[in-house]
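Working notes for the structure below.
Any read-out appearing in this document is the output of simple, stated calculations on the displayed coordinates, not a laboratory observation. It should be emphasised that the depicted structure is a prediction, and the values quoted were computed from it without experimental measurement. Positions of Cβ are generated from backbone atoms using ideal geometry, with glycine treated the same way; all protein chains shown enter the neighbour counts.
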Amino acid sequence: MSFISFIFSCLNPLPSNHVNLVNPVQNFCCLPRLSKWHGKRIFGGMARHITLVGMMGSGKSTVAPLVAARLKRDVIEVDALIEKQEKMPIGEIFIAKGEAYFRRAECNLIAQLLSRPPAVLSLGGGAFQWEPTRKLLLEHTVVFYLSASQEILCSRLQAETAKRPLLNTSGISLEETVRDLLERRGTYYGMAHYRVETDFHRPDDVAKSILMMREAYE
């Protein structure tokens, strides 16, 4: 697909609650939850933080610096900041203090970040499930869901299981874990302002699509 075709595909609106986890390539696009007019009224033309959400392996950490570089903004990896703040890896935080503690710390940190100049925020895969965090991001940032199919995610994650707390457990099936996470998180990811399919598109093209939609609707 040429980049021009890619851009036109991004302009095709889909139902706001649609999350195609079976064959997302059919509807590669940003998924507007707002009309252009409504989007401008809500965002008021003000610069907002850009938030990237999605599954591990969806490309958030790759795409975020590309978007940030074009906007001359900082890119902020929220998980990395939490690890620095807590002085331990994410997996150890979950074991020592529990997920509820981690999600509260994550939400509090994001609230602090929103008071700073607009940046590009890259979130961990489960952050958008936590309701206080989700409400905060939807109200104060422009949220893009980077979507990828189960097959693509598994192929990307195959060599990275040791780095992923949810996958770095003896006896865990990568395919079953990814499928289960997609099923549990899909509804929440579908609440993002926009959806961008990443399966068969270069990170640079995904970044260009995000920038185009951000400019059109912010």
Could the peptides 93-106, 143-156, 111-124 be put in order, highest first, of the mean number of other beta-carbon atoms found within 10 Å of their residues? 143-156, 111-124, 93-106
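Report the extension gain between residue 116 and residue 74 in nm, rounded to one decimal, defined as 0.36 nm multiplied by the number of residues separating them, less their alpha carbon distance. Walk me through the numbers on the way to the answer.
On the way: separation 42, 0.36 × 42 = 15.12 nm, distance 1.05 nm.
Gain in length upon complete extension: 14.1 nm.
Figure the gain on full extension for residue 175 and residue 131 (residue separation times 0.36 nm, minus the Cα-Cα span) and round it to one decimal in nm.
Numbers: separation 44, 0.36 × 44 = 15.84 nm, distance 2.67 nm.
Contour length minus Cα-Cα distance gives 13.2 nm.
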Show me the ranking of peptides 70-79, 192-201 by mean Cβ neighbours inside 10 Å, starting with the highest. 192-201, 70-79
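Where does the range 81-125 land on Rg/Rh, using Cα atoms and the Kirkwood Rh? List each step's numbers first, then the result.
Working: Rg = 11.1 Å, Rh = 11.3 Å.
Result: Rg/Rh = 0.99.
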How do 203-216, 127-140 rank on mean C-beta neighbours within 10 Å, highest first? 203-216, 127-140
